[in-house]
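I have placed the structure first, in the form of structure tokens, so that the comments after it can refer back to it.
The values are calculated or read from the model by the stated rules, or taken from the named source; none is laboratory data. What you see is a predicted model; the values in this text were computed from it and never measured. Here the Cβ is made from the backbone with ideal geometry for all residues, glycine too, and neighbour counts use every protein chain on show. Areas reflect the complete protein model, heavy atoms only, side chains present, ligands, DNA and RNA absent. Shrake-Rupley method; radii C 1.70, N 1.55, O 1.52, S 1.80 Å.
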Amino acid sequence: MPAGRLSYPERQRVAAGLADGLSYAEIGRRLGRPKSTVIREVARNGGAHDYRADRAEQAARRRARRRAPASLPAPPVRAAADPRSRSDFEVRFARMATQTGMPSMMARVLICLFTAESGSRTATELAARLRVSPASVSKAVAWLEERGMLRRERDGRRERYLIDDDVWQRAWLSSMEGMAQWADFTRQGAELFGDDTLVGTRLLATSQWLQHIRQDMIDAAEHWRRASPGPS
């Protein structure tokens, strides 16, 4: 699949797909892009009902200009952090992530990326730094990528894994997508078992609660987008 930002013709095809009622997955398939790329593109540019290709293109260009390196005075040289302190922080950071529900290896890989100056490492670098097998790194990377917590880039013949400023937005969108699937399946279960049964009542209550929480998340994301300075 192609990497990098969407082109204007691709944004036009996204807008056309939304107008035709296509799913994010189908739009992504036709573009040759991951579904998460389409979800992120639409969410940050007004949502499915307000997406416009020309406005999305203008916003992307403004973001690119805003991210362009400026000519700034060289920062003062700071003393390097004590490697032992940094190592201890990484261990405690990964332990916190594990305690909040993330599998141990996935937490270690994520924190290893967070604490890299570039925010990125190759599989070989991750395996060497964490002293684990390449297979362990591969499994952790797949788990994190599925949840929108990292992305891949080609670095010559190698793949480089990285996090960026959008990492939590992508994770948030992935979480909402999963919650929508749970809400839909529990609703289907409620219809199947019937709302006059204990199982049906339990499933319906679950579906309604998940739909309510997901809508709160959508509203919060929209509020953040509108309140943020400049295009989000």
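Of all residue pairs spaced 6 or more apart or on separate chains, those with beta-carbon atoms under 7 Å, a first member in the range 122-138 that is free of Cβ contacts under 8 Å to residues at least 40 places away in the same chain and exposed (fewer than 13 other Cβ atoms within 10 Å of the Cβ) and a second member that is among the small types (G, A, S) and part of a helix (DSSP H, G or I) are S133/A127; P134/A123; P134/A127. The set of residues in the range 110-121 that are touching a residue at least 40 places away in the same chain (Cβ under 8 Å) and buried (at least 20 other Cβ atoms within 10 Å of the Cβ) comprises L110, L113, R121. Among the residues making up the range 173-183, a single one is open to solvent by 50 Å² or more (accessible area, probe 1.4 Å) and either touching a Leu at 6+ places or on another chain (Cβ under 9 Å) or not in a helix (DSSP H, G or I) (or both): W182.
For the range 202-212, does any single residue satisfy the condition of being at pLDDT below 85 and open to solvent by 40 Å² or more (accessible area, probe 1.4 Å)? Checked against the condition, which is being at pLDDT below 85 and open to solvent by 40 Å² or more (accessible area, probe 1.4 Å), the range 202-212 yields no hits at all.
Scanning the range 31-58 for residues that are in contact (Cβ under 8 Å) with a residue 40 or more places away in the chain and among the small types (G, A, S), we see that the one that is surrounded by the fewest Cβ atoms within 10 Å (Cβ to Cβ) is G47.
Please determine whether any residue of the range 164-172 is at pLDDT 85 or above, surrounded by 15 or more Cβ atoms within 10 Å (Cβ to Cβ) and touching a helix residue (DSSP H, G or I) at 6+ places or on another chain (Cβ under 9 Å). No, the range 164-172 contains no residue that is at pLDDT 85 or above, surrounded by 15 or more Cβ atoms within 10 Å (Cβ to Cβ) and touching a helix residue (DSSP H, G or I) at 6+ places or on another chain (Cβ under 9 Å).
For residues in the range 39-54 being over 16 Å from A171 (Cβ atoms) and of a type in the set (A, V, I, L, M, F, W, C), which is nearest to the chain's Cα centre (by Cα)? The extreme case among them is V42.
Do the conditions hold for D196, that is, is it modelled with pLDDT under 90, surrounded by fewer than 16 Cβ atoms within 10 Å (Cβ to Cβ) and touching a Gly at 6+ places or on another chain (Cβ under 7 Å)? No: the conditions fail for D196. Do we have any residue at all in the range 160-168 that's part of a helix (DSSP H, G or I) and within 18 Å of the chain's Cα centre (by Cα)? Yes, there is a match, as at least one residue in the range 160-168 is part of a helix (DSSP H, G or I) and within 18 Å of the chain's Cα centre (by Cα).
Scanning the range 14-30 for residues that are open to solvent by 20 Å² or more (accessible area, probe 1.4 Å) and closer than 25 Å to E146 by Cβ yields a total of 8.
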